[in-house]
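Since every read-out is calculated from the coordinates, none of them should be taken as a lab result. Bear in mind that the values here come from a model prediction, so they are computed numbers and not experimental data. Here Cβ is always computed from backbone atoms with ideal geometry, including for glycine, and neighbour counts include all displayed protein chains.
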Amino acid sequence: MPSITYIETNGTSHNIELPLGATIMEGAIQNDVKGIVAECGGSCMCATCHIYVDEKFLDKLPTMEEEEQEMLEGATAEVKSNSRLSCQVRMSNELDGIMVRVPEEQ
Amino acid sequence: MKKVVVIGAGHGGVQVAASLRDEGFEGEIVLISEEKELPYQKPPLSKGFLQGKQTEVSILFRSEQYYVSNAIDLRLGVTIASINPKENYISTVNGEKIDFTYLILATGAANRKLRFDGKEPKNVYYLRTLSDAKWIGQQLESANNVVIVGGGFIGLELAALAVEKGKKVTVIEAQSRLMERVLPEVISKVFYETHIQKGAKVYLGACVNGIQDNGDVVLSTGEALPSDLILAGIGVIPETQLAKEAGIICENGIVVNELQQTSIPNIYAIGDVANHYNPFAKKNLRLESVQNAVDQAKTAAAHILGKAVPYNAVPWFWTFQYHLKLQMAGISLGYDDYVVRGDTASGKFSIYYYKEGKLIGVDSLNKPADHLNARKLLELGIHPAKEEIRDLSLSLKELVSVS
């Protein structure tokens, strides 16, 4: 299974193996990564699963749909060039070893 | 040591346990679910789960390990028979007593059932639990004619996914338009036209008079609609029985104050079951939504930890049907005027509802950024002028940041 490292705002890191196809949001919620809220449960409805993705992996991510882009605009924390909604990113072998940071606020 | 017992492990129940731990509660937490499965989210059942896009695992709130590492004593498949509020314990149907310092009722609601002459027809099915969803999924494999009674969110979400599976679908709605209770005509119309265009048959203002054993659904006009699967989504009834029997005040749900306390101060109620004064609706009501369950859970958890923070969260809801993603913010019931932002013909627009000149709610169709912005406007109590809403050259984000 591909692995992912989540880094919380206080620096705590979680290295977790996620099944192929699971979203980065699901991995965070089920493994108790603090700071990813995901109120809507992954429906791209609430923009509370915002993450910053390690620049090295940006070109390996699935392209952003218009919907995600629009939701991100409404995210609470600063939106950067490496911002994504983690409910829209599924784990693949290409993403093995990815690192994502949790923003200050959701 | 203090002990919190939570009855019900939907959005509210799981959140209250999680919030208590997040905020430093060190006592015992017992989370009780009547269902045997690990706690899961219900909204995807009528959407991604039945569409096959989400799985039993992906809809779980948390992994099993989460409950263990957070010392949340999760009791699955346990039905509670009664509450003893004088001696602070509850009893399971098997006679086990579980004592509590604080009790949280997150019992949710049950589906309202179709009845004819006082009897429930045997061949009508309802969606509430994972096992209901699995059963409906199986039936949808072989069914050809699906009749859906109720043109509300659940009925229409089911209709959309049945049509997508190639079924012949008929929707029967008693009101004169779809989702009438919560949406204005302009939005009902977009949904109606979409359902028709996708191939569903929709009867409005239609009444079901009876259901035959052979699956015929008989309307009040005498017309009989043949079916091999009948699903109904005709509203819910709050699960108040335990509370009522314990002498807790109930009236359209369990009555709570702004801190989620019932008429017995160490017993709280949250989520679908809680009849509360809602500052956005300016009246008492129950809300059946994820937002309400989660935010009321946080209010109750905070109060148990000694912080009295009255419930005052902007209500929001959503539904998915085909390509239509509708997000609702605030409570728009009782509006006296509305303004459309965007072009209704494009299928991407928002409606801003006003009452006495004040913004009270916003419905956004395929306009997620408007929705998030609307929640901020409502939360901050900003009331943009109607001309500002109509002016597409004006960024609504600025309205929030300027203020």
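Simple point charges give the picture: +1 on the Cβ of Lys and Arg, -1 on the Cβ of Asp and Glu, and for the stretch B:24-146 a dipole about the Cα centre of about 660 debye. Per residue, the convex hull spanned by the alpha carbons of the stretch B:62-141 comes to 165 Å³. Shown here is the pair-distance distribution of chain B: with all Cα-Cα distances grouped in 20 Å bins from zero up to the longest one, the shares run 25, 55, 20, 0 percent.
When +1 charges are put on Lys and Arg Cβ atoms and -1 charges on Asp and Glu Cβ atoms, the dipole computed for the protein assembly as shown relative to its Cα centre reaches about 820 debye. Reducing the stretch B:168-213 and the stretch B:98-125 to their Cα centroids gives an inter-centroid distance of 25 Å. List, in the order given, every pair from B:Lys113/B:Lys165; B:Lys113/B:Lys348; B:Lys47/B:Lys113; B:Lys36/B:Lys134; B:Lys53/B:Lys167; B:Lys122/B:Lys244 whose Cα-Cα distance in the structure shown is over 24 Å. Long pairs (Cα-Cα over 24 Å): B:Lys113/B:Lys165; B:Lys113/B:Lys348; B:Lys122/B:Lys244.
Summarising the overall dimensions of the stretch A:33-106 from its C-alpha atoms, the Rg and Dmax are 11.3, 30 angstrom.
Normalise the Cα radius of gyration of the stretch B:124-232 by 2.2 N^0.38 Å (N = residues in it) and let me know the number.
Working: Rg = 13.2 Å, N = 109, 2.2 N^0.38 = 13.1 Å.
For the stretch B:124-232, the normalised Cα radius of gyration comes out at 1.01.
Converting phi to 3J(HN,Hα) with the Karplus coefficients 6.51, -1.76 and 1.60 and the offset θ = phi - 60°, the stretch B:319-325 yields 9, 10, 9, 6, 8, 8, 10 Hz in sequence order, with x at every glycine or proline.
Please compute the average number of Cβ atoms from other chains found within 10 Å of each residue's Cβ in peptide B:57-63. Write down the numbers at each step before the final one.
Details: counts 4, 9, 3, 3, 4, 4, 6.
Mean shielding by partner chains, rounded to a whole number: 5.
What average number of partner chain Cβ atoms lie no more than 10 Å from the Cβ of the residues making up A:24-33? Could you put the intermediate results ahead of the total?
Values: counts 0, 1, 7, 1, 0, 6, 10, 5, 9, 0.
Mean inter-chain Cβ contacts per residue within 10 Å come to 4.
The fraction of Cα-Cα pairs per 10 angstrom bin, counted from 0 for the stretch B:270-384, comes to 14, 42, 32, 11, 2, 0 percent, rounded to whole percents.
Determine the calculated [θ] at 222 nm for the protein assembly as shown from helices alone, applying -39500 (n - 2.57) to every DSSP H run no shorter than 4 residues and normalising by the residue count; nearest 500 deg cm²/dmol.
-6500 deg cm²/dmol
For the protein assembly as shown, a Kirkwood hydrodynamic radius built from all Cα pairs, placed in the Stokes-Einstein relation at 10 °C and 1.306 mPa s, yields a translational diffusion coefficient of 66 µm²/s.
For the listed peptides B:9-22, B:184-197, a ranking on the average number of other beta carbons within 10 Å per residue, highest first, reads B:9-22, B:184-197.
Using Cβ point charges alone (K and R +1, D and E -1), the dipole size of the stretch A:3-101 about the Cα centre works out to roughly 280 debye. Cross-link reach is defined here as a Cα-Cα straight distance under 24 Å, omitting same-chain residues fewer than 8 places apart; for B:Lys355 the lysines meeting it are B:Lys189, B:Lys282, B:Lys283, B:Lys367, B:Lys376, B:Lys386, B:Lys397. DSSP assigns beta bridges within chain B; of those with both partners inside it, close to 60 percent run antiparallel. Provide, for q = 0.12, 0.16, 0.17, 0.19 Å⁻¹, the log10 of I(q)/I(0) from a solvent-free Debye sum over equal Cα point scatterers in the stretch B:119-176. Those come out to -0.27, -0.49, -0.56, -0.70, one per q.
Across q = 0.15, 0.20, 0.26 Å⁻¹, the stretch B:1-82 modelled as identical point scatterers on its alpha-carbon atoms has Debye log10 I(q)/I(0) values of -0.55, -0.89, -1.27, in the order of the q list.
Running Debye on the stretch B:323-402 with equal point scatterers at the Cα sites and no solvent, what base-10 log of I(q)/I(0) appears at q = 0.22 Å⁻¹? Reported log10 I(q)/I(0), two decimals: -1.00.
Neighbour counts of other Cβ atoms within 10 Å put B:Met1, A:Met64, A:Met71 in the fewest-to-most order B:Met1, A:Met64, A:Met71.
Listed by Cβ neighbour count within 10 Å, with the fewest neighbours leading, A:Cys49, B:Cys207 appear as B:Cys207, A:Cys49. Rounded to two decimals, the Cα-based Rg/Rh of the stretch B:144-208, with Kirkwood Rh, is 0.93. Per residue of peptide A:37-50, the mean number of Cβ atoms on other chains within 10 Å of the residue Cβ is 6.
Projecting the Cα atoms of A:Val100, A:Gly27, A:Ser3 onto the charge dipole of chain A (Cβ charges, centred on the Cα centre) puts A:Ser3 farthest toward the positive pole. For the stretch B:313-357, the mean projected area of the C-alpha convex hull, equal to one quarter of the hull surface, is 3.9 nm².
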